[in-house]
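J.: Supplied in structure tokens, the structure appears directly below.
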């Protein structure tokens, strides 16, 4: 995944494009990015969400809230979009106050979210 950072006054946005699918370097379509976004919002027990544990039993399956996919242009004739990982000012402050454990928790949650995204992309290939 390519990650592009953008900052506003209230939060840090990390927009990322998915650049590998079916083992090839390519962008997901807007529809595929939208599907990943929708799956992440579902409770992991929801039957509409693919079971990513079948691909990696060690992953922490999470219900994740990312920013809505943002249209970024046309690539090879198809609309593409990026997902956004947003760290609010509240979350950043929570991560640096009290002790280093808070910061580690914030980082671990972000990494687990990206693991969920990665595995759901692999599930796209199995479902489509």
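What follows draws every value from the coordinates through simple rules; no lab data is involved. It should be emphasised that the depicted structure is a prediction, and the values quoted were computed from it without experimental measurement. Neighbour counts are summed over all protein chains in view; Cβ atoms, including those assigned to glycine, are modelled from backbone coordinates with ideal geometry.
J.: For residue 56 and residue 70, calculate 0.36 nm times their separation in residues minus their Cα-Cα distance, and state this gained length in nm to one decimal.
T.: Computed gain between residue 56 and residue 70 is 2.2 nm.
J.: Treat each spin label as a single point 7 Å out from the Cα along the C-beta direction, and report the residue 89 to residue 110 distance in nm.
T.: Between residue 89 and residue 110, the simple spin-label model gives 1.8 nm.
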